[in-house]
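Here is the structure we will look at, set down as structure tokens.
Since every read-out is calculated from the coordinates, none of them should be taken as a lab result. It should be emphasised that the depicted structure is a prediction, and the values quoted were computed from it without experimental measurement. Backbone-built Cβ (ideal geometry, glycine too); neighbour counts: all protein chains shown.
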Amino acid sequence: KVAGVARPQAFPWLSAPPPAALRRALERLLALGALHPKDGSLTDYGRKMAALPLDPLYAHLLLQSVKYQCTQEVLTTVAMLSAENVFYSPPHSEQKKAAWEAH
């Protein structure tokens, strides 16, 4: 919607998502307040969410954290949830590296 696509269902996708997945995504955006309930257009809140390079749920959590004065805690949580692996243990030897890769 932020890219100016009024009806994502009619967008000429290279590889279209399944209709059920698209429907769930739109329902989720509606539930988060990113879309107007009447016409499905983007809300001002949805524009704020779209400005953040995050999953819509994480953007919503971050924006709401200001209201509840817990931004630092939410930032930390969202950062950890957004990272692929928060723990890094560099292998110190070829043997440890092989053991690490085996798991």
Worksheet item: Over the chain, what per residue volume does the convex hull of the Cα atoms give, in whole Å³?
Response: 165
Worksheet, complete the sentence: Dividing the mean separation of Cα pairs under 8 Å (6+ apart) by the residue count of the chain yields a relative contact order in percent of 14
Worksheet item: Exactly which chymotrypsin sites (Phe, Trp or Tyr not before Pro) in the range 1-85 are in a DSSP loop and have at most 14 other Cβ atoms within 10 Å?
Response: Trp13, Tyr68
Fill in: Where labels lie 7 Å past Cα in the beta-carbon direction, separation of Thr77 and Gln64 in nm
0.9
Worksheet, complete the sentence: Counting only DSSP loop positions in the range 11-58, the trypsin sites (Lys or Arg not before Pro) whose Cβ has at most 10 other Cβ atoms within 10 Å are Lys38
